[in-house]
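The values are calculated or read from the model by the stated rules, or taken from the named source; none is laboratory data. Note that the structure is predicted; figures quoted are calculated from it, not measured. Here the Cβ is made from the backbone with ideal geometry for all residues, glycine too, and neighbour counts use every protein chain on show. Side chains are part of the model used for accessible areas, which takes the heavy atoms of the whole protein and leaves out ligands, DNA and RNA. Shrake-Rupley method; radii C 1.70, N 1.55, O 1.52, S 1.80 Å.
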Amino acid sequence: MSADGSPIIEIRDLHKYFGKVEALRGVSLTVESGKVVVIVGPSGSGKSTLLRCINHLEVETAGEVWVDGMRLNERNRNINAIRAEIGMVFQLFNLFPHLTALDNIVLAQRVVRHRSKDEAREIGHRQLKRVGIAEKADVFPGQLSGGQQQRVAIARALAMDPKIMLFDEPTSALDPEMIKEVLDVMLALAKEGMTMVVVTHEMGFANAAADKVIFMDNGLIVEEGSPEQLFKQPQHERTKLFLSQILHH
Amino acid sequence: MQIGLCTAFIKTKEFILSPDPLSESAERAAPSLSRQPDPWTGRISGFPWWLVAIILVMAWGAYFVFVTEDYREAFEFIVRGISITVETTVYAYGFALVIGLVMGLGRVSRNLLIRNIARFYVEVVRGIPILVLIFFVAFVATVDVATMVGIDPRGIPMTTRAVIALALTYGAFMAEIFRAGIQSIGIGQMEAARSLGMSYGQSMRYIILPQAVRNVLPALGNDFVSMLKDSSLVSVLAVRDITQVARLHAGSTFRFRESYTVLALLYLTMTLVLSSVVQWLERRLHVSRR
């Protein structure tokens with residue numbers, strides 16, 4: 001995980017339509033290697049869509065997405081290879097319920113990375129330890145708490161040695177007392193120099209970890225800057241309004 | 001207290017015995033009496049009386065088979081068809097599983113052509129009665145295909161044609177079962193698998209299908225029982241399954257009553273045993289899933 005600061009994600013004038021609804025209306029964004037970018041904004045502002053365009057879970061209508069020097073598009077045969085370099089953590093965890101925590105982590109290492117069973121299991125155990133639930137290796141997701149499930153999901157993504165980690169509202173589905181355990185893992189990851197793009201409503205996390213905060217509204221980036229700039233001295237009325245609403249809670 | 005009075009006619013004894021109907025303890029006891037069904041009534045209503053009735057009918061049949069000469073003769077003649085019935089069912093079911101899986105995957109494919117081929121197959125087969133389909137496959141499709149690839153159609157035994165026809169029919173039913181199973185798995189599972197770099201095929205094989213198949217196992221089990229029953233239709237091709245053999249026996253001896261009674265009881269025995277196996281599997285699956 002080099003933090004050399006060269007651009008690893010480049011998004012140029014991205015447009016995305018869902019039927020007639022324009023979810024993204026020309027978004028450009030550069031993420032440098034080793035940086036943590038937090039995207040905030042009201043629901044329906046296009047945050048998740050933007051995130052999902054980065055690993056092509058959503059295909060852009062127009063514009064370009066470059067990841068690690070490769071252009072993502074419809075005809076790109078290497079989409080699976082690119083995705084293997086991009087870990088993704090979902091709001092609803094999306095663990096595989098028919099596999100144990102360890103096997104959740106082992107599977108993709110085996111079939112995508114072609115690692116040996118022993119190696120994949122060893123890495124799996126190491127990642128589980130890293131997220132603080134080494135003892136849950138042989139437990140099925142259904143028997144884990146939400147916070148534990150999300151940490152397994154993070155471990156599953158990390159086991160692929162991704163260059164980038166995407167987080168799509170990772171704590172939104174969690175009970176309040178479990179949010180911290182997941183944020184702690186994410187904070188530690190940020191400190192280690194992982195390139196992260198995080199969609200979240202946790203302003204505390206953004207403040208502590210973000211190199212850059214992006215405020216989106218209505219399919220556009222309204223404002224971006226360091227956490228201090230954006231939270232202390234927001235320039236746009238829309239940003240101010242959003243922050244005042246968030247901070248009321 | 002009203003509840004207590006309502007149940008009084010069942011529970012007269014307790015009601016009278018309670019020291020003071022107006023006391024607190026009686027009031028607290030009353031609702032629990034009404035909620036808990038009388039153990040005796042519960043056992044009577046929960047007991048599978050229908051099963052007892054069926055077993056009695058079968059015992060009655062068995063009695064005739066062992067005691068009455070005509071029934072025994074019919075039984076001994078008809079039972080020789082069992083191996084054909086079982087073989088036809090098992091082979092046809094096996095092929096139907098393969099066809100169903102392939103076509104079920106086709107139904108959810110992103111490829112327009114594949115999706116339409118699968119839909120075409122399902123709609124055509126489901127729109128034709130099984131009996132008609134059996135005739136059509138045996139006397140039209142098999143002959144045409146065999147001629148096309150240069151095989152003498154007369155060399156294809158009727159049993160094979162019957163198996164093909166049954167497999168094609170049930171393949172369509174199973175395609176819909178597999179499709180429903182696949183679609184019952186949330187989109188998030190596919191997204192998670194793809195986001196890890198797995199291909200569509202890998203995601204299907206390792207993530208979606210294991211969960212989907214598990215969900216549809218009861219339906220697949222039921223189809224096996226249905227298949228066993230519908231295998232009787234192959235008798236129209238003179239395949240010597242138990243139905244055909246029973247017809248032969250009835251025709252040659254004029255013992256229609258004996259032949260068809262024995263035949264019906266044979267099917268009933270097999271399906272009951274199979275159903276209970278399916279139910280047992282279902283219950284075991286349910287336990288292991290928790």
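Condition first: open to solvent by less than 10 Å² (accessible area, probe 1.4 Å) and of a type in the set (A, V, I, L, M). Now tell me which residues in segment A:153-183 satisfy that. Once the filter is applied, which keeps residues that are open to solvent by less than 10 Å² (accessible area, probe 1.4 Å) and of a type in the set (A, V, I, L, M), segment A:153-183 yields A:ALA153, A:ILE154, A:ALA155, A:ALA157, A:LEU158, A:ALA159, A:MET160, A:ILE164, A:MET165, A:LEU166, A:VAL182.
Sub-8 Å Cβ pairs linking a first residue in segment B:181-206 that is more than 10 Å from chain A (Cβ to nearest Cβ) to a second residue that is in a loop (DSSP other than H, G, I, E, B), at least 6 apart or interchain, are B:ILE182/B:VAL108; B:GLN183/B:VAL108, ordered by first then second residue. Scan segment A:82-123 for residues that are farther than 29 Å from A:SER172 by Cα and within 7 Å of chain B (Cβ to nearest Cβ) and the total you get is 2.
Answer yes or no as to whether B:ILE82 is assigned to a helix (DSSP H, G or I), out of contact with any Lys or Arg (no Cβ under 7 Å at 6 or more places or on another chain), modelled with pLDDT of 90 or more and closer than 17 Å to B:THR269 by Cβ. So B:ILE82 passes the test. Here A:VAL59 clears all of (1) within 14 Å of another protein chain (Cβ to nearest Cβ); (2) assigned to a loop (DSSP other than H, G, I, E, B); (3) in contact with a Ser or Thr (Cβ under 9 Å, 6 or more places away or on another chain); (4) not hydroxyl-bearing (Ser, Thr, Tyr) except the condition numbered (3).
A:MET186 meets all of the listed conditions (1) open to solvent by less than 50 Å² (accessible area, probe 1.4 Å); (2) over 30 Å from A:VAL152 (Cα atoms); (3) not in a strand (DSSP E or B) but one, namely (2). For segment A:62-117, a residue qualifies if it is surrounded by fewer than 21 Cβ atoms within 10 Å (Cβ to Cβ), outside any helix (DSSP H, G or I) and of a type in the set (Val, Ile, Thr), and the qualifying residues are A:THR100, A:VAL112. Filtering segment B:229-280 to residues that are aromatic (Phe, Trp, Tyr) and free of Cβ contacts under 8 Å to residues at least 24 places away in the same chain leaves B:PHE254, B:PHE256, B:TYR260, B:TRP280.
Which helices (runs of 4 or more DSSP H) does segment B:129-196 wholly contain that include 2 or more residues that are in contact with a helix residue (DSSP H, G or I) (Cβ under 9 Å, 6 or more places away or on another chain), open to solvent by less than 60 Å² (accessible area, probe 1.4 Å) and of a type in the set (S, T, N, Q)? Counting at least 2 such residues, we get B:158-183, B:187-195. Looking across B:VAL262, B:VAL245, B:VAL225, B:VAL239, one residue alone is of a type outside the set (Ser, Thr, Tyr), in contact with a Lys or Arg (Cβ under 7 Å, 6 or more places away or on another chain) and open to solvent by less than 20 Å² (accessible area, probe 1.4 Å). It is B:VAL245.
Is one or more of the residues making up segment A:186-195 farther than 23 Å from B:PRO210 by Cβ, within 14 Å of chain B (Cβ to nearest Cβ) and within 15 Å of the chain's Cα centre (by Cα)? Scanning segment A:186-195 turns up no residue that is farther than 23 Å from B:PRO210 by Cβ, within 14 Å of chain B (Cβ to nearest Cβ) and within 15 Å of the chain's Cα centre (by Cα). All told, B:VAL236 falls short of being farther than 29 Å from B:ARG283 by Cα, modelled with pLDDT under 95 and in contact with a Gly (Cβ under 7 Å, 6 or more places away or on another chain).
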